[in-house]
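The values are calculated or read from the model by the stated rules, or taken from the named source; none is laboratory data. Owing to the predicted nature of the structure, the values given are computational and were not obtained by experimental measurement. Cβ: placed from backbone, ideal geometry, glycine included. Neighbour counts: every protein chain shown.
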């Protein structure tokens with residue numbers, strides 16, 4: 001390799017390092033500026049009541065695939081995921097004269113339920129604590145139960161799924177000398193359809209856009225402001241998410257343009273807008289106020305405007321109206337024993 005080639009390589013490495021360090025410096029600078037501004041404008045995070053008709057929200061139409069096939073992969077959401085519930089699950093009790101291994105039962109049903117679209121939950125009865133617990137594969141039980149979730153964002157379970165589930169549990173129980181008692185699925189199916197109808201009415205997501213009328217936002221600028229406000233980058237999803245003190249997700253920040261937000265591309269990113277999203281039934285109490293504050297903070301720090309899907313300004317009156325409608329939604333959830341952002345809500349709207 002000639003001296004000229006070596007010199008060019010060294011010069012190229014210096015340029016790359018300089019660009020990287022400059023981007024990092026820019027991000028820290030924007031973050032410091034945003035932290036100073038954000039600290040002076042922080043408001044009470046309790047949900048406020050307001051009047052007027054709601055606007056700017058629409059029922060969610062997507063029905064998403066269940067994420068938990070057998071053993072639940074619990075979200076770090078502060079509030080523990082609820083166990084089996086007569087409200088939400090089709091439960092099959094299993095009794096045996098001698099204790100049986102939890103792992104043996106799960107293994108016997110694995111193949112039959114591999115393609116099940118709904119979450120399957122297992123519990124064993126802890127004789128010492130006199131309560132049900134998530135099934136421990138390393139323990140043995142004389143009283144067990146398994147349940148299929150009746151409703152999620154994909155819709156209600158159907159007759160074929162319940163029949164296949166019940167038959168699989170019966171066969172698995174018989175293989176270890178236990179007895180499974182499968183309930184009549186007719187009432188469960190009716191309950192599933194009614195619960196799905198209710199969930200469809202309240203499955204609401206609020207989205208506002210923070211748009212620039214002048215120069216685009218840079219990725220380092222956006223990352224600095226987001227991190228200063230407590231948002232964390234969710235790499236797989238390509239969004240920033242704002243957790244509360246218990247780790248529950250309050251709202252998410254996405255690129256208004258198609259490019260997802262991730263660590264590798266932020267330094268080169270340029271966008272004219274971002275979208276702030278609130279998943280209403282999954283968000284905890286007080287989330288809308290934090291959502292509103294966040295939208296106002298991003299608009300202030302990025303010198304941009306808050307607009308709706310039609311690029312119409314979203315001002316205080318619009319936020320008040322949306323907040324009033326969301327309070328009504330939360331009231332409907334509470335009447336059915338579903339705490340917004342709580343364990344049942346996280347399962348129903350998954």
Selection count, the range 309-338, where residues are surrounded by 16 or more Cβ atoms within 10 Å (Cβ to Cβ) and not in a helix (DSSP H, G or I): 2
Criterion: in contact with a strand residue (DSSP E or B) (Cβ under 7 Å, 6 or more places away or on another chain), modelled with pLDDT under 95 and outside the structural domain of residue 306 (by TED's automatic domain parsing) - qualifying residue of 100, 182: 100
Selection from the range 223-264 of residues that are free of Cβ contacts under 8 Å to residues at least 60 places away in the same chain and in contact with a helix residue (DSSP H, G or I) (Cβ under 7 Å, 6 or more places away or on another chain): 233, 235, 240, 242, 250, 251, 253, 259
Per-region count, the range 151-163, residues out of contact with any helix residue (DSSP H, G or I) (no Cβ under 9 Å at 6 or more places or on another chain) and either within 24 Å of residue 97 (Cα to Cα) or surrounded by 15 or more Cβ atoms within 10 Å (Cβ to Cβ) (or both): 2
Residues being buried (at least 17 other Cβ atoms within 10 Å of the Cβ), closer than 15 Å to residue 174 by Cα and in contact with a helix residue (DSSP H, G or I) (Cβ under 9 Å, 6 or more places away or on another chain) - total across the range 85-100: 4
Residues (in a loop (DSSP other than H, G, I, E, B), within 19 Å of residue 228 (Cβ to Cβ) and touching a helix residue (DSSP H, G or I) at 6+ places or on another chain (Cβ under 9 Å)) located in the range 288-308: 302, 304
The range 130-169: number of residues that are more than 22 Å from residue 347 (Cβ to Cβ), touching a residue at least 40 places away in the same chain (Cβ under 8 Å) and in a helix (DSSP H, G or I): 1
Residue within the range 195-215 that is in contact (Cβ under 8 Å) with a residue 24 or more places away in the chain, out of contact with any strand residue (DSSP E or B) (no Cβ under 7 Å at 6 or more places or on another chain) and under 23 Å from residue 338 (Cα atoms) present: yes
